[in-house]
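The values are calculated or read from the model by the stated rules, or taken from the named source; none is laboratory data. The structure presented is a predicted model; accordingly, all values stated were derived computationally and were not measured. Cβ placement follows ideal geometry from the backbone for every residue including glycine, while neighbour counts extend to all protein chains displayed. Ligands, DNA and RNA are excluded from the accessible area calculation, which covers all protein heavy atoms including side chains. Shrake-Rupley method; radii C 1.70, N 1.55, O 1.52, S 1.80 Å.
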Protein chains: 2
Amino acid sequence: MKEFLKTKGFKMTPQRELIFRSFFEMGKHVSVEELYDKVHQKDRSIGYSTVWRNLKVICKVGLAEEVNLGDGVTRYDRVTREPHGHLFCQNCKRLIEFDIHAVLPYLVETGEEKNFRADSFKIEITGLCEDCQAMENKKNERLH
Amino acid sequence: MKEFLKTKGFKMTPQRELIFRSFFEMGKHVSVEELYDKVHQKDRSIGYSTVWRNLKVICKVGLAEEVNLGDGVTRYDRVTREPHGHLFCQNCKRLIEFDIHAVLPYLVETGEEKNFRADSFKIEITGLCEDCQAMENKKNERLH
DNA sequence: TTGCAATTGAATATCGTTTTCAATTGGCCG
DNA sequence: CGGCCAATTGAAAACGATATTCAATTGCAA
């Protein structure tokens, strides 16, 4: 990791080490605040802006990318080899991934038709996840 | 329009009339600031928060929806009968629409597979539009 | 016309993101 | 090893868009 960062023009520090490690432990769709909470538990001297900056660094070196769902919070999603879309539950904010291989060719073609050079694709489906639908049903039962 | 609003529990006012009218004249992908500029030209007494609130009202009554592209600005997109995706040029911020009918069945099915109740779909392709690609090419030529 | 809830404009609060600044530190070079 | 310089850090503050507050006004149903 240290060598990898060097090739990108970044140094390794204890804080960066901890922040990177924590981010990759947490998996996907992490917000600055969530990561800060986790990191701060382990080392109470690490500041919020350091966590924020390092999430940007993780993106700059290509290990993650920003995800925006319109709820005002930027999340950072670990870049995987597999392109995927998101099912975003409006109620519990859960983010579920799904495969978008099947539609990518169509999207690329669509861009080309309009002479648009596509760099990245995002597909977000908003709605209610299974659990929240169940909750909603219960609530409705009680009303009757 | 007045009657329609009434059924939704809203009143009509001169300000609202002007804001609604301006929004629908402007077409698509309007930010609060853009709409405020336009409205303020016509009636300098209308405040920013009134414009903001009325964009929310337009969404609440189902005539528009918020679009978020990760550049920190919420845009309001007139709801059309035709579902569409967006080509978003990172350079000039232009937003080009494209038809997503072909992929909707796949997306619905994907949600259902995971017992997810889909309410809305967003497909955003980020990259460079035709014009900005041309500019980029020119810039590269000059460098050689 | 009257009453009341909805609406408005200005100001301010909020909140996530981003920058500033002085102090510290990693890592290259001699 | 020791010194140097750019990168990094933490705290605080700046920023910018969104959202709320409040007193005054206004739509509209009765």
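Quick notes on this structure:
- Label distances, nm, B:K2 versus same residue in remaining copies, Cβ-directed 7 Å point: 7.6
- Sorted from nearest, the other copies put their B:R44 label points 5.7 nm away, the label point being 7 Å from Cα in the direction of Cβ.
- Annotation: amide H of A:L87 within the under-5 Å range of A:I96, A:E97, A:F98, A:I125, sequence separation 5 or more or interchain, hydrogens built in the peptide plane.
- Candidate aspartates and glutamates - alpha carbon under 12 Å from A:K38, same-chain residues fewer than 8 apart omitted: A:E25
- Carbon/sulfur fraction of accessible area - region B:1-79, other protein chains in place, 1.4 Å, %: 48 percent
- Note, ³J(HN,Hα) from phi for region A:4-12, Karplus 6.51, -1.76, 1.60, rounded to Hz, x at Gly and Pro: 4, 4, 4, 4, 9, x, 10, 9, 9
- When the accessible areas of A alone and B alone are added and the area of the pair subtracted, with a 1.4 Å probe, the result is around 3100 Å², both sides summed.
- HN-Hα J in Hz across region A:103-109 - Karplus 6.51, -1.76, 1.60, θ = phi - 60°, x for Gly and Pro: 9, 4, x, 5, 5, 4, 4
- In range of the label at A:K11: residues from region A:48-75 whose backbone nitrogen is under 17 Å from the point 7 Å along Cα→Cβ: A:50-51, A:53-54, A:57
- Derived scalar couplings ³J(HN,Hα) [region A:113-119; Karplus, 6.51 cos²θ - 1.76 cosθ + 1.60; whole Hz; x for Gly, Pro]: 4, 9, 6, 9, 8, 6, 9
- Using a Förster distance of 35 Å, the FRET efficiency for B:F24-A:S120 (Cβ separation, nearest 0.05): 0.65
- Spatial offset of region A:54-70 relative to region A:1-37 amounts to 11 Å, using the alpha carbon center of each.
- Across B:K28/B:K122; A:K114/B:K138; B:K11/B:K60; B:K8/B:K122; A:K6/B:K138, pairs whose alpha-carbon gap is larger than 22 Å: B:K8/B:K122; A:K6/B:K138
- Label geometry 7 Å along the beta-carbon vector: B:G62 inter-copy distances in nm: 4.7
- For B:H29, the residues whose modelled amide H falls within less than 5 Å of its own, excluding neighbours fewer than 5 places apart on the same chain, are B:Y76, B:D77, B:R78.
- Modelled FRET efficiency - R0 30 Å, A:W52 with B:Q133, Cβ distances, 0.05 increments: 0.40
- Taking every protein chain into account, the 1.4 Å probe leaves B:S45 with about 100 Å² of accessible area, to the nearest ten.
- Whether chain A is rounded, prolate or oblate, judged on the alpha carbon gyration tensor where a/c under 1.5 counts as rounded: oblate
- Prolate/oblate/rounded label for region A:1-79 (Cα gyration tensor, a/c 1.5): oblate
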